[in-house]
Amino acid sequence: MLACQRHLFDIPDDVAYLNCAYMSPLMKPAIEAGIWGLKRKAHPWELTAPEFFTGAEEFRVIAARFFGSTPDCIAVVSSAGYGIQTAALNLPAGKGQKIVVLDEQFPSNYYPWHQLADQRGADLKVVRWPADNDWTAAVLDSLTPDVAIAALPNVQWTSGGRLDLVRIGEACRKVGAALALDLTQSLGVLPFDVSTVQPDFAVAACYKWLLGPYSLGALYVAPKWHNGVALEQGWIQRANAQDFSSLVLYSDEYDAGARRFDMGERANFASIPAAVQAMKQILDWGVEEISATSAAFNRYLAESATELGFSAPNEPLRAPHYLCLRKAEPITPELTRTLAREKVYVSVRGTSMRVTPHAYNTREDCDRLIACLKRIAAK
Ligand SMILES: Cc1ncc(COP(=O)(O)O)c(C=O)c1O
């Protein structure tokens, strides 16, 4: 377990922020890197053409380490939705074929597939919430030969259920299905490796477990799709982009690897350095160590919450960093408002109370949540 890293964040002592799955706090060194970058635009005459490229390349190099890929396979995108839409633009699905998604899947990984199914005469195949909470087994059952695409996360976001993507990837290859992943609720806190999972596309927004700023994400594109169709047809994704004076000598050639899938204006001078700084810190701590730290808080919380009538699946069916507590009756968003009045922050998603601690949390934060829940139960 990591020692508490709260000193790197601007979190007042009286705030118990247990809500990384909503939005992580930006750490102080990342804020400094972002401010440095924002200020660069105060003097645009000092911003040279190569700088439109160097930041994005640094981002690619460091983001690639979270995917276990080469930087060449990473595109700089604005959101998880952007990455999933790119996947939907490229993956084939024919009439009558199936696209597998999960019950209550996050909308950015649902709507693009819903639209694709409509356009191609394919059908969505929704894996229902399994009574035994074994999402992996339920997905494996759904992977029949008529499945064209499995569009999945590593963690089902309203239950905290963990999917074994290595086994699922293998099963997809057996039936000839493509695999598109939304890793927003796991990359940075669960180890991941494209060489064992072998996805076609995998995306993560940076603002949660990658501890980065908002409006930035990393998209892994498998080499077999590097000649695919990009969402945007801008200038910076083209092979001749570095030569600003010749941009109107239009080129049919794209920049190498996954760079053609980059979003427009990817050279964000403020958010790219902040994201890079945050990812470097995560790698310094170690993804496994962060995972073990969150896991220890969550085990403690799950045990205390059980005494108050809450329940949650145990690991390994539940992701270690992601605790969704349920009660016999649905939990409503009113609970988060009550807790927020005590400066205790969690989320309600679906009918669960979602608690997602990180290395900036303390045992006292957990105790404050439990104490509040006890007071609410006693009323
Ligand atoms: C599972 C999951 N994916 C993606 C996102 C964010 O999606 P986007 O980057 O498209 O806004 C969230 C945000 O809560 C999420 O929980």
Checklist outcome for this item: Placing +1 on each Lys and Arg Cβ and -1 on each Asp and Glu Cβ in the chain, then taking the dipole about the Cα centre, the residue among N133, W36, L183 whose Cα reaches farthest towards the positive end is N133
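Given a 1.4 Å probe, how much area per residue of the chain is accessible, in Å²? Intermediate values should be presented prior to the final figure.
Working: 16320 Å² over 379 residues.
Value for the chain: 43 Å² per residue.
In the stretch 2-60, what trypsin sites (Lys or Arg not before Pro) fall in a loop by DSSP, with at most 13 other Cβ atoms inside 10 Å?
On the way: sites: R6, K39, R40, K41, R60; in loops: K41.
When the trypsin sites (Lys or Arg not before Pro) of the stretch 2-60 are filtered for loop state and at most 13 Cβ neighbours within 10 Å, K41 remain.
I'd like the carbon and sulfur percentage of the solvent accessible area for the chain, probe radius 1.4 Å, heavy atoms only, ligands and nucleic acids excluded.
On the way: 8840 of 16320 Å².
Whole-percent figure for carbon plus sulfur exposure: 54.
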Checklist entry - Toward the positive end of the charge dipole of the chain, about the Cα centre and with charges on Cβ (Lys, Arg +1; Asp, Glu -1), which of Q97, A56, G68 goes farthest? => result Q97
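Given that compact globular proteins tend to follow 2.2 N^0.38 Å, what is the ratio of the alpha-carbon Rg of the stretch 182-255 to that value? Display every interim value, and only then the final one.
Details: Rg = 15.8 Å, N = 74, 2.2 N^0.38 = 11.3 Å.
That ratio works out to 1.39.
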Item to check | Viscosity 0.890 mPa s, temperature 25 °C, Stokes-Einstein D of the stretch 114-157 from Kirkwood C-alpha radius, µm²/s | outcome: 209
Checklist outcome for this item: If the label point sits 7 Å along Cα→Cβ of T362, residues of the stretch 1-23 with amide N under 12 Å come out as 4-7, 11-17
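Nothing charged except the Cβ atoms of Lys and Arg (+1) and of Asp and Glu (-1): what's the magnitude of the dipole of the chain about its Cα centre? Round to the nearest 20 debye. Mind showing how you got there, number by number?
Numbers: 37 positive and 41 negative charges, 141 e Å.
The dipole of the chain has a size of about 680 debye.
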Next on the checklist: Suppose we keep just the alpha-carbon trace of the chain; what are its Rg and Dmax in angstrom?
Outcome noted: 21.4, 72
Checklist entry - Over the stretch 158-267, what is the relative contact order in whole percent, taking alpha-carbon pairs under 8 Å and six or more residues apart? => result 18
Next on the checklist: Would the stretch 291-372 count as rounded, prolate or oblate if I go by the C-alpha gyration tensor, calling it rounded below 1.5 in a/c and otherwise prolate when a/b exceeds b/c, oblate otherwise?
Outcome noted: oblate
Checklist entry - If you put +1 on each Lys and Arg Cβ and -1 on each Asp and Glu Cβ, how big is the dipole of the stretch 99-257 around its Cα centre, in Debye rounded to 20? => result 140
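Taking chymotrypsin sites (Phe, Trp or Tyr not before Pro) as exposed when DSSP calls them loop (any state but H, G, I, E, B) and at most 15 other Cβ atoms lie within 10 Å, what is the longest stretch of the chain free of them, the sites themselves excluded?
Result, exposed sites excluded: 1-213.
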Checklist outcome for this item: Relative contact order in percent for the stretch 1-103 (Cα pairs under 8 Å, 6+ apart) equals 12
Checklist entry - Rounded to the nearest 500, what is the chain's calculated 222 nm mean residue ellipticity when only DSSP H runs of at least 4 contribute -39500 (n - 2.57) each, over all residues? => result -11000 deg cm²/dmol
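Tell me, what is the Rg over Rh of the stretch 95-225, with Rh the Kirkwood radius over Cα pairs? Before the final figure, lay out each step's value.
Values: Rg = 14.0 Å, Rh = 14.9 Å.
Using only Cα positions, Rg/Rh for the stretch 95-225 is 0.94.
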Checklist entry - Roughly speaking, what is the centre-to-centre gap between the stretch 127-179 and the stretch 218-243 when only Cα atoms are used, to the nearest Å? => result 29
Checklist outcome for this item: Percent of all Cα-Cα pairs per 10 Å bin for the stretch 49-160, counting from 0 up to the last occupied bin, reads 13, 35, 31, 15, 4, 0
Checklist entry - To the nearest Å, what is the center-to-center distance of the stretch 1-35 and the stretch 253-305, using C-alpha atoms only? => result 14
Item to check | the stretch 47-122 and the stretch 315-358: distance between their alpha carbon centers, rounded to Å | outcome: 28
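Report, as a whole number in µm² per second, the diffusion coefficient that Stokes-Einstein gives for the stretch 1-108 at 37 °C and 0.692 mPa s using the Kirkwood radius over alpha carbon pairs.
Details: Rh = 18.4 Å.
D, rounded to a whole number, is 179 µm²/s.
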Item to check | Dipole moment magnitude, nearest 20 debye, the stretch 220-345 about Cα centre, only Lys, Arg, Asp, Glu C-beta charged | outcome: 260
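On average, how much area does the Cα convex hull of the stretch 159-309 cover when viewed from any direction, in nm²?
12.1
How long is the gain from L249 to Y22 if the chain were fully straight, where each residue apart is worth 0.36 nm and the alpha carbon distance is subtracted? Before the final figure, lay out each step's value.
Values: separation 227, 0.36 × 227 = 81.72 nm, distance 4.45 nm.
Full extension from L249 to Y22 adds 77.3 nm.
The values are calculated or read from the model by the stated rules, or taken from the named source; none is laboratory data. Computed from a prediction, not measured in an experiment: that's the story for all the values here. Cβ sites come from the backbone with ideal geometry, for glycine too, and all protein chains shown count toward neighbours. Remember, those area values only see protein heavy atoms, side chains included, never the ligands or the DNA or RNA. Shrake-Rupley method; radii C 1.70, N 1.55, O 1.52, S 1.80 Å.
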